[in-house]
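All remarks here apply to the structure that follows.
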Amino acid sequence: MRFAVIDMGTNTFNLIISEINQKQFEILFSTKEPVKLGQKLKAHHHIDSQGIQRIIQVLKEYINIINQFSVKEIIALATSSIRTAQNQQEVLNIIKQEIGIDVRIIDGDREADLIYLANKYAIEYCINKPFDKPYLIMDIGGGSTEFIISNNNNCLWKKSFLLGMARLIDELKPQDPITQQDIEKTYHYLDVHLQDLANNISYYSPKILVGSSGVFDSIVEMIEANIQPLHKTQSCCKINIQDFYTVFNQILPLPYHDRLQFKGLIPMRADMIIMSMLIIDYVLKKYKIEEIIVSFYSLKEGVIIEKMKQLN
């Protein structure tokens, strides 16, 4: 069975085309394109005409690609930016009219469920077995950030926070390059808004952070470009916390135009990489994390894995 998944995020639209059977899946094609729907979302809580135009442009490109693969089904899922926009129905209607696909808006719980499925599947080759201790999954988006505490058997706790990087930047308005005052303001903001996470971390005491794709992919690429090659499987990779901080300390003082030239960082992530790494730094220190595993899977792979389970 061959099908396509379009993950319509706040900053990026991801496309993956996969062939699945009852036991495994093969990724035939994947790509991502920036859409930057969070640029004006908070101020107006409304996706403007330029944002809609970017949506249609990217989706047209994706449909042209999908048509080359003879897929049985297209699953298009919209997350934080569209689900919190006042004009979400207008956006969905335009997509249906212009592109001909039905987009499903999923809530934060459903998003966390799919992220959990993807990461549980991805990291089985990067952990020592038997492994029944809790670990913390973190998926950093533009509109929301998902935290999930789980072990190999169960999802123990999950929550989607409206703490995506586009929202944080819009709310906190850090200078470029970021200042120490901006950093302290960010950490205080996270203290206030992540209290529910703190309570559950205290209860379950996870010591391993599983970073779910996205910005964590960029961290892997920056480490490899600036420090050392890493041992990677198709789905996951362990990184040394010291290597994270080496890259973090190198990029933190850089303004945007210098970050664009930073080895291993793709340009579409240059605007939000600092805020993303700050929230990772916060989690590592605040919760005394001892190990980082990067999962190369996220929501879109979660959809694939769910489909695979349904075939069984």
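The values are calculated or read from the model by the stated rules, or taken from the named source; none is laboratory data. None of these values were measured; they are calculated from a predicted model. In this analysis, Cβ positions are derived from the backbone assuming ideal geometry, glycine residues included, and neighbour counts consider all displayed protein chains.
From the list Met272, Met268, pick out the single residue that is buried (at least 17 other Cβ atoms within 10 Å of the Cβ), among the aliphatic types (A, V, I, L, M) and touching a residue at least 12 places away in the same chain (Cβ under 8 Å). Talk me through it step by step, then tell me what you get.
Values: Met268 fails: buried (at least 17 other Cβ atoms within 10 Å of the Cβ).
On inspection, the qualifying residue turns out to be Met272.
Scanning the range 164-177 for residues being surrounded by fewer than 22 Cβ atoms within 10 Å (Cβ to Cβ) and either in a helix (DSSP H, G or I) or in contact with a strand residue (DSSP E or B) (Cβ under 9 Å, 6 or more places away or on another chain) (or both) gives a total of 4. Looking across the range 173-191, the residues that are touching a residue at least 12 places away in the same chain (Cβ under 8 Å) and of a type in the set (Ser, Thr, Tyr) come down to Thr186, Tyr187, Tyr189. When the range 129-163 is filtered for residues that are surrounded by 19 or more Cβ atoms within 10 Å (Cβ to Cβ) and either among the aliphatic types (A, V, I, L, M) or not assigned by TED's automatic domain parsing to the domain that holds Ile201 (or both), the ones remaining, listed by number, are Leu136, Ile137, Met138, Ile140, Ile148, Ile149, Leu163.
Just a yes or no: is a residue in the range 235-248 within 22 Å of Leu168 (Cα to Cα) and either among the charged types (D, E, K, R) or within 18 Å of the chain's Cα centre (by Cα) (or both)? Among the residues of the range 235-248, at least one is within 22 Å of Leu168 (Cα to Cα) and either among the charged types (D, E, K, R) or within 18 Å of the chain's Cα centre (by Cα) (or both), which makes the answer yes.
All of Thr10, Thr31 fail the test of being assigned to a loop (DSSP other than H, G, I, E, B) and not charged (D, E, K, R), apart from Thr10.
The residues of the range 242-282 that are aliphatic (A, V, I, L, M) and in contact with a strand residue (DSSP E or B) (Cβ under 6 Å, 6 or more places away or on another chain) amount to a single one, Met268.
Per-residue answers, yes or no, for (1) buried (at least 24 other Cβ atoms within 10 Å of the Cβ); (2) modelled with pLDDT of 95 or more:
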position: Val5; (1), (2): yes, yes
position: Gly9; (1), (2): yes, no
position: Glu19; (1), (2): no, yes
position: Lys23; (1), (2): no, no
position: Leu28; (1), (2): no, yes
position: Pro34; (1), (2): no, no
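Tallying residues that are under 17 Å from Ser30 (Cβ atoms), hydrophobic (A, V, I, L, M, F, W, C) and not in a helix (DSSP H, G or I) within the range 205-220 yields 0.
Taking the criterion of being within 21 Å of the chain's Cα centre (by Cα), over 25 Å from Ala78 (Cα atoms) and of a type in the set (Val, Ile, Thr), the only residue of the range 141-192 that qualifies is Thr186.
Candidates Gln68, Gln53: the one that is free of Cβ contacts under 8 Å to residues at least 12 places away in the same chain, over 19 Å from Pro267 (Cα atoms) and in a loop (DSSP other than H, G, I, E, B) is Gln68.
Identify all residues within the range 221-237 that are surrounded by 17 or more Cβ atoms within 10 Å (Cβ to Cβ) and part of a strand (DSSP E or B); write none if there are none. Within the range 221-237, Cys236, Cys237 qualify. Scanning the range 91-109 for residues that are touching a residue at least 24 places away in the same chain (Cβ under 8 Å) and assigned to a helix (DSSP H, G or I) turns up Val91, Ile94, Ile95, Glu98, Gly108, Asp109.
Residues are listed down the side, and each one gets a yes or a no for (1) in contact with a strand residue (DSSP E or B) (Cβ under 8 Å, 6 or more places away or on another chain); (2) among the charged types (D, E, K, R):
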site: Thr31; (1), (2): yes, no
site: Ile52; (1), (2): no, no
site: Asn64; (1), (2): no, no
site: Lys72; (1), (2): yes, yes
site: Thr79; (1), (2): yes, no
site: Arg83; (1), (2): yes, yes
site: Leu92; (1), (2): yes, no
site: Ile106; (1), (2): yes, no
site: Lys133; (1), (2): yes, yes
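Could you list, in sequence order, all residues of the range 246-263 that are surrounded by fewer than 18 Cβ atoms within 10 Å (Cβ to Cβ) and touching a residue at least 12 places away in the same chain (Cβ under 8 Å)? Within the range 246-263, Thr246, Gln250, Leu252, Pro253, Pro255, Tyr256, Lys263 qualify.
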